[in-house]
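All remarks here apply to the structure that follows.
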Amino acid sequence: MTSPNLRIAYRFLTAKKRAMVMSLSCTVLGVGLFIVTQATTSGFERFFTKTILGINGAIRIEDKIQDTMRSMAAAGGGDSHFARRDGVKYIEGIEEPQALMAAVREFANVRGVSAVVRGNVQLQSAFKAEDAQVFGIRLEDHLRVSDLAEQVTNGSLEDFRNSPSGALVGRVLADRLQLAVGDSLLISARGASRRVQVAAIYETGYREVDKTNVYLHQPEARSLLKRPSGATFLQISLHDPTRAPQDAARLEQVLRHSVKAWQEREKTWLAVFRALRISTMITVSVFTLIASLAMFNTLAMIVLEKTKDIAILRSMGYERRDVTRIFLAQAGIVLAVGAVAGALLGAAVTWLVSQVPLPINGIFKTDRFIVTWDAAHYAGAVLTAVVMVMVASLIPARRAARLEPGDIVRGTAQ
Amino acid sequence: MSPPPPAPDVAPAWALRSRGLHRHLGQDEGRVHVLKGVSFEAERGQVYAIVGPSGCGKSTLLYLLGLLDRPDDGEIEINGRRMSNHDDAARTAARGEHIGFVFQFHFLMLEFSALENVMMPMRKLGRLPPAAMRERAHALLDSVGLGAKTHRLGTQLSGGEQQRVAIARALANQPAILLADEPTGNLDVRNSNLVFDLLTRLAKDNGQAVVLVTHNPEIAQRCDVTRPMRDGLFV
Ligand SMILES: Nc1ncnc2c1ncn2[C@@H]1O[C@H](COP(=O)(O)OP(=O)(O)OP(=O)(O)O)[C@@H](O)[C@H]1O
Ligand SMILES: [Mg+2]
């Protein structure tokens, strides 16, 4: 039964070529631009996420929750929730990193854990002095929770590994202090100072990090900061970073420490990206809206021009729903062709955009426009177009179906 | 006369029966009482002519009988089934199965070839396999003298040719009732004879009821029954 309707739909549509091409091109543009904007905005968002995961890992465990408050709250009955919330107290730092790390490794989603000792320091090069933060790490552990290996731009990680008094210095900091690989610098903290050597210079693209973070081997950092045991925080990487908030909640419950997921840590930037994505989506939806208006216009025109054909069809036994289908099928044909062509256009433009040179440095570092290739963008674009165009087509299609053949042949329809 | 017995199954000889049809057209002050209680029956195997001056309501009556329009009052039976009160779906199904209709003015779907036009009702009814539909459409076009122009688009046919394709199309599903509004209006003598002979032959051979509206006295005279109409009533 559908085949005669589809055939009729096709002939009606191709009889109005110009209007059809108009709605088709709007659909192609709508679908294509939707894909391109999603690919680019989410491209930057993902790259940002990769950058910050590569610096700080997915989860950070910091500060022990004071247990006395908890037992107090547990005894508090009905108000226990508030009591606990208001009463929560932390003991700074991590007292027994080894035990905690062992517990953390029990979690299935955990890929790596690294204990870090952190402290504020002053750096003094031959040229000038700068404030900085020292991160005492165990290199092998930290490589599992960061992209440090890929962030090294000058010198080599090997040199750092092999020199106990070596330092990894961020690019911005190195530039300010006019430091090159092999130079020595003086680090001072709490009245003491030590001389270390720049083993390598790294660059994350995140300016705040590149201008403050100095990585030292943990023993070196411990003696500098006078902190023989414990850790400032644990940095954790996950197999599936999207699950970090759930894992963080579980970890906090089990380990009785303050645990933060990266989504919470970076929520300002993530909100910016989300806003950007939504605003471009709205802009692009305008094209889909135009596509649906064009389709509405095309169909309304065809309905007007084909009323006599509708009367003939109805006189031959074609039902109201056949008429509806004939007109919806016209929208369907435009959508099918438009979706395929739009997806191709989207892919082509996405590729072209990815070739555009665009140096960015600050929250991440890139020299090209960043895009992502995600089937969900294509599905989303097509779905949006289908829904909007079909909704717009329903109106003329149903009006066509409501026409009475008697009114049409007398010329008194509408 | 007493009213007819309320038998559910009317004598099968009647393909079409209607009584007391009223139809007003237009709105408000423009409202006109076009049909003023028309009754009309058509028997199988008979050819009827409805004649009358322009504007007397012939087309209006034919639309009602063809279930393309609803009467304000009165009843219509098709093959013994009362159709005037049925819903749109039932009336549409009856149109496809039992009624062939030829419009007075517009005949074809112009983006389609003659052959496709004739196959259109068959495709909807879906009784025949596609090859048989094609064959039947060819035969019908042949019988109206258009065997050589089956693949012409509607736009590439003259008015008279279009009219003959429309007649072939109305016959496509072998309807029990053929209603044709001036089917020979655009035709020369030779072709109107061809069409008229075809319709008479079908009526006699297949037992179809044929109802023609015509201004042609010769044609009217050759029909089995002529019903003159004036001002919304048969006289
Ligand atoms: N929409 C309308 N509003 C008011 N009156 C109408 C309307 N349509 C038709 N009429 C009137 O109804 C009457 C019957 O029209 P109809 O088309 O049935 O005539 P007809 O007998 O078929 O005429 P013809 O031989 O010219 O085809 C005419 O007098 C016409 O003026
Ligand atoms: Mg008329």
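The values are calculated or read from the model by the stated rules, or taken from the named source; none is laboratory data. Just so it is clear, the structure is predicted and the values come from calculations on it, not from any experiment. Note: ideal-geometry Cβ built from the backbone for every residue, glycine included; neighbour counts use all protein chains shown. These accessible areas exclude ligands, DNA and RNA; they are computed on the full protein's heavy atoms, side chains included. Shrake-Rupley method; radii C 1.70, N 1.55, O 1.52, S 1.80 Å.
For the range B:28-52, give me each residue that is touching a His at 6+ places or on another chain (Cβ under 8 Å) and either near ligand 2 (Cβ under 10 Å from one of its atoms) or charged (D, E, K, R) (or both).
Answer for the range B:28-52, where residues must be touching a His at 6+ places or on another chain (Cβ under 8 Å) and either near ligand 2 (Cβ under 10 Å from one of its atoms) or charged (D, E, K, R) (or both): B:31, B:36.
How about the range B:131-180: which of its residues are in a strand (DSSP E or B) and under 20 Å from the mean Cα position of the chain (by Cα)?
Across the range B:131-180, the qualifying residues are B:177, B:178, B:179, B:180.
Could you check the range B:103-113 and list, in sequence order, the residues that are within 19 Å of the chain's Cα centre (by Cα) and open to solvent by 40 Å² or more (accessible area, probe 1.4 Å)?
Those that are within 19 Å of the chain's Cα centre (by Cα) and open to solvent by 40 Å² or more (accessible area, probe 1.4 Å): B:104, B:105.
Hey, among the residues in the range B:53-105 that are assigned to a strand (DSSP E or B) and within 16 Å of ligand 2 (Cβ to nearest atom), which one's farthest from residue B:186 (Cα to Cα)?
B:101
Between a first residue in the range A:136-160 that is basic (Lys, Arg) and a second residue that is part of a strand (DSSP E or B) and open to solvent by 60 Å² or more (accessible area, probe 1.4 Å), which pairs have beta carbons less than 9 Å apart while being 6 or more apart in sequence or on different chains?
Sorted first by the residue in the range A:136-160, then by its partner, the pairs are A:144/A:111.
For residues that are within 24 Å of residue B:134 (Cβ to Cβ) and of a type in the set (Lys, Arg), scanning just the range B:169-227, find the one that is nearest to ligand 1 (Cβ to nearest atom).
Ranking the candidates gives B:169 first.
With respect to residue B:100, determine if the residue is within 16 Å of ligand 1 (Cβ to nearest atom), of a type outside the set (A, V, I, L, M) and under 22 Å from residue B:184 (Cα atoms).
In short, no.
Looking only at residues that are facing another protein chain (nearest Cβ under 8 Å) and over 12 Å from residue B:175 (Cβ atoms) in the range B:89-102, which one is least open to solvent (accessible area, probe 1.4 Å)?
B:92
Within the range B:10-35, track down each residue that is modelled with pLDDT under 90 and either within 14 Å of chain A (Cβ to nearest Cβ) or surrounded by 15 or more Cβ atoms within 10 Å (Cβ to Cβ) (or both).
B:10, B:14, B:26, B:27, B:28, B:30
Is it the case that some residue within the range B:37-45 is within 16 Å of ligand 1 (Cβ to nearest atom), modelled with pLDDT of 90 or more and under 28 Å from residue A:402 (Cβ atoms)?
yes
Any idea which residue in the range B:50-81 is most open to solvent (accessible area, probe 1.4 Å), counting only those that are within 13 Å of ligand 1 (Cβ to nearest atom) and away from chain A (no Cβ under 14 Å)?
In this case the residue turns out to be B:54.
Before we move on, is residue B:148 more than 11 Å from chain A (Cβ to nearest Cβ) and closer than 17 Å to residue B:96 by Cα?
No; evaluated as a whole, the condition is false for this residue.
Select the helices (runs of 4 or more DSSP H) contained entirely in the range A:12-96, then report the ones holding at least 1 residues which are within 30 Å of residue A:375 (Cα to Cα) and modelled with pLDDT of 85 or more.
Per the criteria, A:17-56.
What tally of residues in the range A:339-369 results from selecting those that are closer than 19 Å to residue A:273 by Cβ and outside any strand (DSSP E or B)?
Qualifying residue count, the range A:339-369: 7.
Listed residues A:272, A:340; which is surrounded by fewer than 22 Cβ atoms within 10 Å (Cβ to Cβ) and modelled with pLDDT of 95 or more?
Step by step, each of A:272, A:340 is checked, and only A:340 is surrounded by fewer than 22 Cβ atoms within 10 Å (Cβ to Cβ) and modelled with pLDDT of 95 or more.
Is it true that residue A:370 is more than 14 Å from chain B (Cβ to nearest Cβ), in contact with a strand residue (DSSP E or B) (Cβ under 8 Å, 6 or more places away or on another chain) and surrounded by 14 or more Cβ atoms within 10 Å (Cβ to Cβ)?
Taking the combined requirement at face value, the residue does not satisfy it.
Answer yes if at least one residue in the range B:188-207 is within 14 Å of chain A (Cβ to nearest Cβ) and aliphatic (A, V, I, L, M), and no otherwise.
For the range B:188-207, residues within 14 Å of chain A (Cβ to nearest Cβ) and aliphatic (A, V, I, L, M): absent.
Select the helices (runs of 4 or more DSSP H) contained entirely in the range A:132-226, then report the ones holding at least 3 residues which are open to solvent by less than 50 Å² (accessible area, probe 1.4 Å) and closer than 18 Å to residue A:365 by Cβ.
Helices (runs of 4 or more DSSP H) meeting the threshold: A:171-177.
Would you pick out the residues in the range A:316-337 that are at the interface with chain B (Cβ under 9 Å from one of its Cβ atoms) and open to solvent by less than 10 Å² (accessible area, probe 1.4 Å)?
Result: A:317, A:318, A:322.
Being crowded, with 17+ Cβ neighbours inside 10 Å and within 13 Å of the chain's Cα centre (by Cα), is that true of even one residue in the range B:186-198?
No, the range B:186-198 contains no residue that is crowded, with 17+ Cβ neighbours inside 10 Å and within 13 Å of the chain's Cα centre (by Cα).
Tell me, which helices (runs of 4 or more DSSP H) lie completely within the range A:243-329 with 1 or more residues that are in contact with an Asp or Glu (Cβ under 6 Å, 6 or more places away or on another chain) and assigned by TED's automatic domain parsing to the domain that holds residue A:13?
Output list reads A:267-305.
For the range B:114-130, which residues satisfy the criterion of being more than 7 Å from chain A (Cβ to nearest Cβ) and open to solvent by 10 Å² or more (accessible area, probe 1.4 Å)?
Matches in the range B:114-130: B:116, B:127, B:128, B:129, B:130.
Yes or no: residue A:401 away from chain B (no Cβ under 14 Å) and either under 30 Å from residue A:207 (Cβ atoms) or open to solvent by less than 50 Å² (accessible area, probe 1.4 Å) (or both)?
Judged against the criteria, residue A:401 is not a match.
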